[in-house]
Each structure stands twice: as C-alpha cells, then as structure tokens.
Amino acid sequence: MPSSGFFTIFISVIVKVTSGGPRCAAVSFPRGFTRPVLDAVRSVKGRRWNEDEKVWLIPDTRESFDALLSGLYGTGLFTASVPKEAEEARPAKDDLQKLRTILQAKRYSPRTQECYERWTKDFLRLYGNCGERLGLKHINGILSHLAVKKNVSASTQNQALAALLFYFRFVLNEDVESLSGLIRAKSKRRVPAVLSKEEVVLVLNRMDGSKRLAALLMYGTGIRLNEALCLRVMDIDFCRGEITVRSGKGGKDRRVMLPQSLSLQLKKQIDCVKALHEKDLAEGWGKAQVPANVESRSPNAGKELKWQWLFPQANRWKNPMTGQQGRHHMDESLLQKAVKKAMAEAHVNKNASCHTFRHSFATHMLENGYDIRTVQELLGHSDVRTTMIYTHVLNRGAKGVVSPLDGILGGERS
C-alpha cells in the first residue's frame, strides 16, 4: 500500500495516484477521463473532491486501494497491468463477498465476521495468485508462518485456522478439516487471574460515573465487557430482578440476576438515558441501531426509549457523506482504560482487565457455596468443563484445600 510516493496506471486514459497529504492519496486524470473511470473513483468510500487541486482524495488504506483497483479493472479499459506487487496484494473480491454473505446468512456476530474476513484476506494475499489449487499445503503454510515468523499465540493460530476452514468449506466447497496433517496448535491451559473481594472494592472505589456502573455490573453478574456495553433499557427488569443478556457469545441469550444493590443506580442511569434521548429527538435524531428484523417490522423502533443503549456514547457519530447522526453505546476502549487506571491506582499487581471481573464473580460465587451448574448457567457456558476451571483457583470454602504444612506448623508464622 503506497503511503507516500506514487504509481501510475496506464489505461486508455491515465489515472495517476500520488500522495495527497497525511493519511490520504490524490487521484487525478492527466489526459482527461471517461465516465466509467470517474465512477470507479467515486465507488471508493470516504473519497472527496479537492476543488483547488482538481484531484480526488481517497483514504490511504489497503481497503481504499483495493476498491480503486477493482473498480478500474471493472471498466475494461486497461491496456497494461498494474505493478506485480499491487496485483498480488489484490484479494479475490468475489470470494470475499461470498464469504461475507454466508457469514451474515449464518448470523455470525459482526466481530466474528470481521475476524474471518481479515484472516481470509491475508491468506488470499499470500496464496491467491500462486497458480495452484488451494489446499492443505497452503493452510499449513500460513499457520506455520504465523507461529514461526509472527510468533502468535496458539489461540490466535487456531482462530486463523477456524476462519480458513470456514472459507474452504462454504466458499470453495472443499472439506479439508477431515484431512490428516492439518496443523492444530495446542493451547496452554492457564489459570485465570482473580481479584479478592477486598481488591474488587479497592478498584471499584477508584472509578466513577457510568464506567463504574458498568464495572459493577460485570462483577455483580459475571457478564462480559461487550455484553455489558450492549445492554439496552428494556433489558433491565426491575420487577423480576433480572437482566437479559442478548446475543452473547455464540449468539445466545440468557438471563442473570439483577443485583438489588444496583437498582437505584440503574434507575438513575435510565433517567439520564431518557433525558439524553429526548434531547436527540428534539434535535431531529435519536434513532438507535436495532436488529435488522426489528427494523423491517417497525422502522421507527430505534426511536423508542426501550431500544436505547444503557451506556450511550457521549457524542453522536456523524456520517460525513450523508450527514446522518446517531448515538452508539460507549466504546469498549474507554471502559478498558478506566479499569486499567483504577487497577494501577489501587496497586493491584495482577494481570487483570475488565474480564477479570467475570473470573472473580465465578470464583466468589463458588466460594459462597453456589453449585457449579448454577454458575455455568449464569456465565452462559455450553459445557460445564469450561466452568470447572474456577474450581482450580479456590483456596477456601466448602471444598477448600488446606496445605499439610499448616497442619504441621499450626499457628506458627514465618
């Protein structure tokens, strides 16, 4: 991807791409242009016309150049090819579009869709123009490259493998998963970091506002970071004392208890959301993103209070192309930074993060005598063996283990 300098594409007219300043490139037509070429440039997202320089400015990103090259090729006006390195970097657009469609049809989460598409793009850039039929050799090749050259973790390597197996099975209609010789990385089993109850209090006391409330919910219910941020007003049921977690990991819904100690804070938070929503509506906006099936049945559902995010972002997003504005939920990086800062201020010297609240919730529930099946349901684990890892971090409770050294030395202290 050219971040500086230039390259020129020769067709029946000339399209010249040069540096257009920080994070953008300039596209010009030194010998005039044709309508198909202009349409190809206009197909690039984020492009804009610079009247002073008489050039089109496009984002200096891989996606923008892929879209530009694909659009130019589609005009049928080429008399010469682009440089070899640019051609090798161009992904198989049709395969990627088919992959995207299948992922959406199978209702994979947006994050999984993005992840699978990214790994498939990397694979096609490496082997898409090798001139051979893609198969087991090429899958093992990129997995070995990730492990040896990139030094990625076993979980990352297996994530790439899952994406490639999906691509081969559903896009290429080839089942390579059953073939022998497929490299599968063996993940190391690690005991999760867990905060003591005292450490939880120290960390939470160093947070404030909606970020503190979100952290309280993560510890108080065991929900994940993204599950907490994706809560909507209607998911809080004060009468039944429940919180509905929708489209959790694996696309599953579940219910968790509503901590009674948070009822008043949650009601105040909903009042704040209501006031912010009414302000957005008064200014002509206020429509939250809702699931596609809800949008099709009720186009104005996004303007109802019940569909508003429980933790909305401070500022509305704005589409520079259409001028449309909306409000998404709080960005997860803001909560992650707040928790990290609170951990440091509380002098908690553990490898802890937002997810540590979930680990601490499960461990403390077991310590309080709740059975493992109950904890499994609350966490949303499909297999109880996943939940059993928390039995390995307990050091007290009904099944706590006493060191034999304590029996020998008794009350002695070193």
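The values are calculated or read from the model by the stated rules, or taken from the named source; none is laboratory data. Keep in mind that what you see is a predicted model, and the values were worked out from it rather than measured. Reconstructed Cβ throughout: ideal geometry from the backbone, glycine too, with neighbour counts over all protein chains shown. These accessible areas exclude ligands, DNA and RNA; they are computed on the full protein's heavy atoms, side chains included. Shrake-Rupley method; radii C 1.70, N 1.55, O 1.52, S 1.80 Å.
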With more than 30 Å from Leu136 (Cα to Cα) and open to solvent by 60 Å² or more (accessible area, probe 1.4 Å) as the only criterion, which of Lys197, Lys186 stands out?
Lys197
Considering every residue within segment 274-283, establish whether at least one is closer than 20 Å to Leu216 by Cβ and at pLDDT 95 or above.
no
Return the residues of segment 284-324 that are over 19 Å from Cys272 (Cβ atoms), open to solvent by less than 40 Å² (accessible area, probe 1.4 Å) and hydrophobic (A, V, I, L, M, F, W, C); say none if nothing qualifies.
Val290, Val294, Ala301
Go through segment 228-264 and give me each residue that's open to solvent by 50 Å² or more (accessible area, probe 1.4 Å) and more than 28 Å from the chain's Cα centre (by Cα).
Phe238, Cys239, Arg240, Gln260, Ser261, Leu264
With respect to Asn349, is the statement that it is farther than 17 Å from Gln289 by Cβ, open to solvent by 50 Å² or more (accessible area, probe 1.4 Å), free of Cβ contacts under 8 Å to residues at least 24 places away in the same chain and polar (S, T, N, Q) true?
yes
Outside any helix (DSSP H, G or I), among the charged types (D, E, K, R) and modelled with pLDDT of 75 or more: which single residue out of Lys45, Lys98 fits that description?
Lys45
In this structure, is Lys211 at pLDDT 95 or above and either charged (D, E, K, R) or within 26 Å of the chain's Cα centre (by Cα) (or both)?
yes
Ala86 surrounded by 15 or more Cβ atoms within 10 Å (Cβ to Cβ), part of a helix (DSSP H, G or I) and modelled with pLDDT under 85:
yes
So how many residues does segment 100-151 have that are open to solvent by less than 30 Å² (accessible area, probe 1.4 Å), without any contact (Cβ under 8 Å) to a residue 40 or more places away in the chain and β-branched (Val, Ile, Thr)?
1
